[in-house]
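Below is one structure; the comments refer to it alone.
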Number of protein chains: 2
Amino acid sequence: MPLTPADDAFAAALRPRLPEDTLRPAEPRHLEEPRGRWRGTSRWVALPRTVQEVSALVTACAEARVGLVPWGGGTGLVGGQVAPDGPPPLLLSLDRMTAIRAVHPRENVMVAEAGAVLADVQEAARGADRLFALSLASEGTARIGGLLSTNAGGVNVLRYGNARDQVLGLEAVLPDGQIWHGLKRLRKDNTGYDLRNLLIGAEGTLGVITAAALKLAPRPAATGTALLVVHSPAAALDLLALARDHLGEMVSAFELIGRMGFDFLREALPDLRQPFATGPEWCVLVELGLPRGMDPQTALEELFASGLAAGLVSDGVVAQSTQQAAEFWTLREHIPEANRRIGAISSHDVSLPLEALPAFVPEGLARIAALGPFRVNCFGHLGDGNLHYNVFPPKGGTKADHQALREEIKRTIHDLVHQMGGSVSAEHGIGRLKVADLERYGDPAKLAAMRAIKAALDPAGIMNPGAVLRLPPG
Amino acid sequence: MPLTPADDAFAAALRPRLPEDTLRPAEPRHLEEPRGRWRGTSRWVALPRTVQEVSALVTACAEARVGLVPWGGGTGLVGGQVAPDGPPPLLLSLDRMTAIRAVHPRENVMVAEAGAVLADVQEAARGADRLFALSLASEGTARIGGLLSTNAGGVNVLRYGNARDQVLGLEAVLPDGQIWHGLKRLRKDNTGYDLRNLLIGAEGTLGVITAAALKLAPRPAATGTALLVVHSPAAALDLLALARDHLGEMVSAFELIGRMGFDFLREALPDLRQPFATGPEWCVLVELGLPRGMDPQTALEELFASGLAAGLVSDGVVAQSTQQAAEFWTLREHIPEANRRIGAISSHDVSLPLEALPAFVPEGLARIAALGPFRVNCFGHLGDGNLHYNVFPPKGGTKADHQALREEIKRTIHDLVHQMGGSVSAEHGIGRLKVADLERYGDPAKLAAMRAIKAALDPAGIMNPGAVLRLPPG
């Protein structure tokens, strides 16, 4: 049975069940997404203030078989937050649920509502002399609910794990409107199925996360940053192994940047200061977070020296100040902006087993070269095996010139990744962009289980319809 | 519809579908569990060699509506491995699937089959100069499949997390017999619902785990161990905070032992050497794992001094040799054996928010004292908020004398734990022992979701019937 639209009649019927001003006309920002591939069709957005109001909204939608799309910061890159197809759904914005409900420094736990912006959560942790380790480029806008629903990654995964690893408990509204009061602050709790991790990463298709008990970590006493020039991605991996042998979990970030990354920064953002006169072929940005009594500069200089001695590293700069460290990170974090300005034909967020990575990089380049004289900017979270592998037109060309090859480029990269045991969505999720990829590359038994779980928890199919799993026909 | 028994007729029909010698009469060891509370009724045990044979077995059981109980090392403490009620199920032993399929030291990954014994997995990791961090008293017998199915805990959770946190990918057979080929060696893979974490901790009720891609960690260059006497559990928590401020993730274990623990060891195992003339009221066993360049003895002596200065610690011993460190651990690891010899009336595996722990300990003692002159041995993984809180008869009495109060004692402790935001199963799971507790204390929305998921993935209810969720009537 198809869904019912969240039209003006539905809004009129819903309005008396909720506090005044909960329902508003959707604004243009609610109907857009960063890559401009889809436009939402919703007329109405609900802005609840409490989990009880979320429950009332979901219950009303379930009764009326109206689709519901949760809306956080709107920064997702795979279209999980806009529904262009099917009857227009109601948008459920978490904008008004932004409280940090509690901070427990001695427990290393914070309870935050789903609408809290990541940067505010980080700041609240810092205020209690703790670290909330999730960190990514959109942290000034992205909200906790969306970050958890997409199991976001970022630059600290190597040491602290993905969003999933930062969560102890959840409060959520399930697709029938029931509230799950699961905000446990426990490190160990083996009482039944792992509903927490099922909702995390489900991209709003199995319920609405309304709050989370988040793990905090001790703040490293000192951090240090270096840019080290390496001979190849293989050398970068050997350097990572060396760094972890010496420093264990204290390696917080290990990011790969290729020559094309530096070239693109110079082309699109010429005012950014670059540390090397010519961009090196391959380079890693290493960050350490150390406890008291250890000096990060010494540790990085020792790593540099060991890397030189092992023939892995040929050049490098250890940041001599917080400011210089920030400049290195600015370079890394502006690569996506440079990419946007130049305009990718096709962008890929892939991961590979670490051992497969050195072979993947040249093989991918060779296969793309066979399709045309394209430029490839391959960079990312090397320590996690996660590369952002983006294909651009030749210099002087535009992405519009090459739209015809877009699908073939994507297929070429994704087939290779799949063949090598990798994932075609490392950290961005499936959303609406990769539904067909999931069908093509996903394990059939897992897909069947996913469909069974979706049908069991959301029989009417109201939760974020069309995301992750294809809309049923009709 | 009720299940069909795995009787001789079923065995006769099944035999031709499998390689010779796959099906055998169940042995007595298959029908027992460590606490002696239940006896299994199965006549037949299947011993498959491959995931394909597991798939054939599950398919046959699904077609015939025959229950199936996966059997690993048989060390579970909540009866998850024996089915005393309902038509006798087929046992599925993983004894023949013990291969370490691959070790990838550079990736920090190992692929092991479900029947591999934990100690062998640890040893294989050590052989590659890596650490497999899961560690618990039964590691010489417990097998990977059971450890993952119960999301086992142990002594290293503080630093490395539960069993769940040690897994990157799974191979499993789902209740319809389909094989899920999910042995990904990826740190980031956001392609759909988290089936991995749903199977981990499901205690064999949603499928059979046949192999896992396990995370390895760099081996600490040096470890150090100390026993520090603290004034109270609250002081122990403050000391933990101090230790983590100084040493971050390098605190590998932080175990609480109370005076009753030392008394029981002296009473039941008088040959064990004890470091203190009289057992201190409260004591913590601290272990550090440090990278190169840091000296564990110095670090522990500094922690000892800081604890003294802060008024948290009153006495202590820093182990001066590997042998002395092993003696400290021997004490800790023999507490369960001492408990068994003395005989608990009721044992509880509970966890609490860390901030609630200092109030829980005296309040629990007061409530137990109101029921009678019982002895309480409260010990465990303080850093995880996980206490083993076991209630014993007065000296000279036996547990048989107090069976009548057993339920009331359990209820008293569990009610208090629940009231304080804790869990009545921290690391042992639900099994058959705590089905009623889960019904009493579990969140209704979560329970409803669990039942819906079970019905969706295992509509005939063949997988470990009666574990976690109650058998349907009839």
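Failed condition for residue B:29, given (1) under 25 Å from the mean Cα position of the chain (by Cα); (2) exposed (fewer than 13 other Cβ atoms within 10 Å of the Cβ); (3) assigned to a loop (DSSP other than H, G, I, E, B), with all others met?
Just one mismatch for residue B:29, condition (3).
Considering only region A:284-327, state which residues are crowded, with 22+ Cβ neighbours inside 10 Å and in a helix (DSSP H, G or I).
A:296, A:299, A:300, A:303, A:307
Restricting to region B:49-94, what's the tally of residues that are surrounded by fewer than 24 Cβ atoms within 10 Å (Cβ to Cβ), assigned to a helix (DSSP H, G or I) and out of contact with any helix residue (DSSP H, G or I) (no Cβ under 8 Å at 6 or more places or on another chain)?
7
Is it true that residue A:265 is part of a helix (DSSP H, G or I), surrounded by 14 or more Cβ atoms within 10 Å (Cβ to Cβ), out of contact with any Pro (no Cβ under 9 Å at 6 or more places or on another chain) and not β-branched (Val, Ile, Thr)?
Yes, satisfied.
Considering every residue within region B:117-131, establish whether at least one is free of Cβ contacts under 8 Å to residues at least 24 places away in the same chain and either of a type in the set (Val, Ile, Thr) or touching a strand residue (DSSP E or B) at 6+ places or on another chain (Cβ under 8 Å) (or both).
Within region B:117-131, one or more residues are free of Cβ contacts under 8 Å to residues at least 24 places away in the same chain and either of a type in the set (Val, Ile, Thr) or touching a strand residue (DSSP E or B) at 6+ places or on another chain (Cβ under 8 Å) (or both).
Please find, within region B:245-254, the residue that is farthest from the other protein chains (Cβ to nearest Cβ) out of those that are in contact (Cβ under 8 Å) with a residue 12 or more places away in the chain and not β-branched (Val, Ile, Thr).
B:253
Restricting to region B:1-10, name every residue that is surrounded by fewer than 18 Cβ atoms within 10 Å (Cβ to Cβ) and part of a helix (DSSP H, G or I).
Residues satisfying the conditions are B:8, B:9.
When residue A:126 is evaluated against the numbered criteria (1) at pLDDT 95 or above; (2) more than 10 Å from chain B (Cβ to nearest Cβ); (3) open to solvent by 40 Å² or more (accessible area, probe 1.4 Å); (4) within 19 Å of the chain's Cα centre (by Cα), which criterion, by number, is the only one it fails?
(4)
Within region A:106-115, can one find any residue that is at positive phi and either among the hydroxyl-bearing types (Ser, Thr, Tyr) or not in a helix (DSSP H, G or I) (or both)?
Yes, region A:106-115 contains at least one residue that is at positive phi and either among the hydroxyl-bearing types (Ser, Thr, Tyr) or not in a helix (DSSP H, G or I) (or both).
Taking the residues in region B:325-375 that are more than 19 Å from the chain's Cα centre (by Cα) and among the basic types (Lys, Arg) as candidates, determine which candidate is nearest to residue B:274 (Cα to Cα).
For region B:325-375, the residue satisfying everything is B:341.
Scan region A:41-49 and give yes if some residue there is under 29 Å from the mean Cα position of the chain (by Cα) and under 30 Å from residue A:344 (Cα atoms), otherwise no.
Yes, there is a match, as at least one residue in region A:41-49 is under 29 Å from the mean Cα position of the chain (by Cα) and under 30 Å from residue A:344 (Cα atoms).
Which of the residues that make up region A:376-434 are over 21 Å from the mean Cα position of the chain (by Cα) and within 14 Å of chain B (Cβ to nearest Cβ)?
Result: A:419, A:420.
Pull out all pairs, ordered by first then second residue, where Cβ-Cβ is under 6 Å, the residues are six or more apart or on different chains, the first lies in region B:3-24 and is touching a residue at least 12 places away in the same chain (Cβ under 8 Å), and the second is of a type in the set (Phe, Trp, Tyr).
Close Cβ pairs satisfying both conditions: B:6/B:44; B:11/B:44; B:23/B:44.
List the residue pairs whose Cβ atoms are under 7 Å apart, where the first residue sits in region A:56-71 and is in contact (Cβ under 8 Å) with a residue 24 or more places away in the chain, the second is aromatic (Phe, Trp, Tyr) and surrounded by 20 or more Cβ atoms within 10 Å (Cβ to Cβ), and the two are 6 or more positions apart or on different chains.
A:64/A:10; A:66/A:10
Is it fair to say residue A:439 is under 24 Å from residue B:207 (Cβ atoms), surrounded by fewer than 23 Cβ atoms within 10 Å (Cβ to Cβ) and more than 10 Å from chain B (Cβ to nearest Cβ)?
When the stated conditions are applied, residue A:439 passes them.
What about residue A:259, is it surrounded by fewer than 24 Cβ atoms within 10 Å (Cβ to Cβ) and either within 25 Å of residue A:394 (Cβ to Cβ) or in the same structural domain as residue A:159 (by TED's automatic domain parsing) (or both)?
yes
Identify the residue in region A:206-243 that is in contact with a Gly (Cβ under 9 Å, 6 or more places away or on another chain) and β-branched (Val, Ile, Thr) and, among all such residues, is nearest to residue A:81 (Cα to Cα).
Per the criteria, the residue is A:208.
Report, by residue number, each residue of region B:289-305 that is touching a residue at least 40 places away in the same chain (Cβ under 8 Å), more than 11 Å from every other protein chain (Cβ to nearest Cβ) and not aromatic (Phe, Trp, Tyr).
Selection gives B:296, B:297, B:300, B:303.
For region B:450-470, how many residues are among the β-branched types (Val, Ile, Thr) and more than 9 Å from chain A (Cβ to nearest Cβ)?
Selection size over region B:450-470: 1.
Scan region A:249-262 residue by residue and report those that are of a type outside the set (Asp, Glu) and not in a helix (DSSP H, G or I).
Listed by number, the residues that qualify are A:251, A:252, A:253, A:254, A:256, A:257, A:258.
Hey, among A:292, A:341, A:367, A:332, which residue is closer than 14 Å to residue A:255 by Cα and assigned by TED's automatic domain parsing to the domain that holds residue A:241?
Unique residue meeting the criteria: A:332.
Could you give me the residue pairs with C-beta distances under 7 Å whose first residue belongs to region A:176-197 and is not assigned by TED's automatic domain parsing to the domain that holds residue A:62, whose second residue is surrounded by fewer than 24 Cβ atoms within 10 Å (Cβ to Cβ) and of a type in the set (Lys, Arg) wherever it lies, and which are 6+ apart or on separate chains?
Matching pairs, first to second residue: A:180/B:446; A:182/B:446; A:192/B:446; A:195/B:446; A:197/A:164.
For residue B:118, are the conditions met, namely being more than 10 Å from chain A (Cβ to nearest Cβ), within 17 Å of the chain's Cα centre (by Cα) and either open to solvent by less than 10 Å² (accessible area, probe 1.4 Å) or farther than 25 Å from residue B:383 by Cα (or both)?
yes
Working only within region A:1-27, note down all residues that are under 19 Å from residue A:432 (Cβ atoms) and either at pLDDT 95 or above or in the same structural domain as residue A:74 (by TED's automatic domain parsing) (or both).
The answer is A:3, A:5, A:6, A:26.
The values are calculated or read from the model by the stated rules, or taken from the named source; none is laboratory data. Since this is a predicted model, take the numbers as computed values, not measurements. Counting neighbours? That spans all protein chains shown, and the Cβs are built from the backbone with ideal geometry, glycine included. Note: areas computed on protein heavy atoms with side chains; ligands, DNA, RNA excluded. Shrake-Rupley method; radii C 1.70, N 1.55, O 1.52, S 1.80 Å.
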